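This report refers to the structure that appears directly beneath it.
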Amino acid sequence: MGKQINYWLEFDGFLLLAQKALDLGCTIVREDLGEKNCTVTESRDIGIVTGESRTCYFFHLPEAGDISINKYDCGYRLNNISNDCENSVIEAGFSRIITESGEISRARLYLTTGYYDSGGTFVYRPDCIVKVYNSLARYVKKLAPYTELTGSYISMKDENYGQRVEYKHKEYISPYCLKLMDEGYSLLG
């Protein structure tokens, strides 16, 4: 089981998070998921971060291990499943603001617990990457403070069947995304 924090944070806020990762010694790995041409780029420059929709980001801590890249029919992808690369990256992202549907997608910061090597031994993530993850998670909480929201759903319970029922929940959401919600956007995810 890994460590994860879900949040709603726009692109500009993500740039601040990416800069924090760079300041903590990480590189930024951008994985472009084109239909016919997937690419992986690693950099110590914030300029690598773009607002493109078919892009995934990882913060790589070289101290925790190397990354590996596999070639597929569509191009190149980060090989971060069941190998040492998995223990050296933190998945990160920003919320997509979908103006057509009035929705804001959820993003996350994710760090795996470890992986099983080819001999079946579980290899735990290194402490150094946990320290970086914890620092980034604290920063996310500053950029997207814990906010109580009111939601609603249509009840399926006998006593309220078919009625709209309100409930309260807390989310990490940036002031900008909260402002968009006030303008009618809904949270997706």
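Observations, loosely collected:
- In nm, spacing of pseudo-spin labels at ASP12 and TYR124 (7 Å Cα→C-beta vector): 4.2 nm
- Modelled FRET efficiency - R0 30 Å, THR99 with TYR153, Cβ distances, 0.05 increments: 0.75
- Structure-derived Rg and Dmax of the Cα atoms in Å: which label, when the choices are [x] 21.2, 88; [y] 18.7, 57; [z] 16.9, 49: [y]
- For LYS71, the lysines whose Cα falls under 17 Å of its own Cα, not counting residues fewer than eight places away in the same chain, are LYS36.
- Loop-resident trypsin sites (Lys or Arg not before Pro) (DSSP state other than H, G, I, E or B) in the stretch 112-189 with no more than 15 further Cβ atoms inside 10 Å of their Cβ: LYS157.
- For SER53 and LEU188, the difference between the fully extended length at 0.36 nm per residue and the C-alpha to C-alpha distance is 47.1 nm.
- Its DSSP H runs of at least 4 residues, each contributing -39,500 (n - 2.57), put the calculated 222 nm mean residue ellipticity of the chain at -6500 deg cm²/dmol, to the nearest 500.
- Accessible surface of the stretch 73-189, 1.4 Å probe, proportion on carbon and sulfur as whole %: 48 percent
- Among the GluC sites (Glu not before Pro) in the stretch 113-189, those located in a DSSP loop and surrounded by at most 13 other Cβ atoms within 10 Å of their own Cβ are GLU183.
- Straight Cα distances below 29 angstrom link LYS168 to the lysines LYS3, LYS141, LYS142, LYS157, LYS179, with same-chain residues fewer than 8 positions distant left out.
- Ordering of 63-73, 114-124 by packing [mean C-beta count within 10 Å, highest first]: 63-73, 114-124
The values are calculated or read from the model by the stated rules, or taken from the named source; none is laboratory data. What you are looking at is a predicted structure, and each value in this text was computed from that prediction instead of being measured. Please note: Cβ atoms are built from the backbone with ideal geometry, for glycine as well, and neighbour counts cover all protein chains shown. Surface accessibility is based on the protein's heavy atoms, side chains included, excluding ligands, DNA and RNA. Shrake-Rupley method; radii C 1.70, N 1.55, O 1.52, S 1.80 Å.
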